[in-house]
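Read the structure below first, then the notes.
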Amino acid sequence: MSKDAKTRGKIIAENRKARFSYSIEETIEAGLVLTGTEVKSLREGQANIQESYASFENGELWLINSYIPEYLQANRFNHEPRRLRKLLLKKREMANVAKAIDREGMTLVPLKLYFNDRGRAKLLLGVAKGKKLHDKREDQKKRDWGREKARLLKQHG
């Protein structure tokens, strides 16, 4: 099995905190414009999208504050770890996302960075609305009750 085949379908980075802080209404898969050293660094499984977000600027969609560390073997040809990265969407998808974001309280949150089955780096974006503190507590109660219910069923059934 080649090195390239191993990385296909592989999740590089996941923003698990986003699902806790936001209620995701819709997801969109976007491509990324990357340099060669960024791709090599991603193939090593190194990236962080925890504090990042996507935003429209000049009619284009950009990924802001994502971290892809420098590729150590690249020496002087390396990339900047926290540079802006352009996201690729079809025009119709971009128009739909722009319309959704214009609604009150909506934002674009990166959920997952991965390689698809063709070996291309993709970013799963969520059109999300921020949760209030009481919503977060409600979700926590539901999760706790689900765990407790499973435990009871396992003991008695």
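Structure data summary
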{"read-out": "Cβ-based charge dipole, the stretch 3-130, positive-most Cα from Ile11, Gly130, Gly105", "value": "Ile11"}
{"read-out": "Hydrodynamic radius (Kirkwood) for the stretch 3-130, which is based on Cα pairs only, to one decimal in Å", "value": "15.0 Å"}
{"read-out": "Efficiency of FRET from Cβ geometry, Asp117 and Lys149, R₀ 35 Å, rounded to 0.05", "value": "0.45"}
{"read-out": "Cα-based Lys pair tally, the stretch 3-130, threshold under 20 Å, eight or more apart or on separate chains", "value": "25"}
{"read-out": "Principal-axis tilt of helix 133-156 within the chain, Cα atoms, nearest 10 degrees", "value": "70 degrees"}
{"read-out": "Highest-fluctuation residue, Leu113, Leu34, Leu133 considered, GNM on the chain with Cα pairs under 10 Å", "value": "Leu133"}
{"read-out": "Nearest 10 degrees, 0 to 90: helix 91-102 Cα axis against the chain principal axis", "value": "50 degrees"}
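Read-outs throughout are calculated quantities, based only on the coordinates presented, and are distinct from any laboratory measurement. All of these numbers come straight from a predicted model, not from anything done at the bench. Cβ sites come from the backbone with ideal geometry, for glycine too, and all protein chains shown count toward neighbours.
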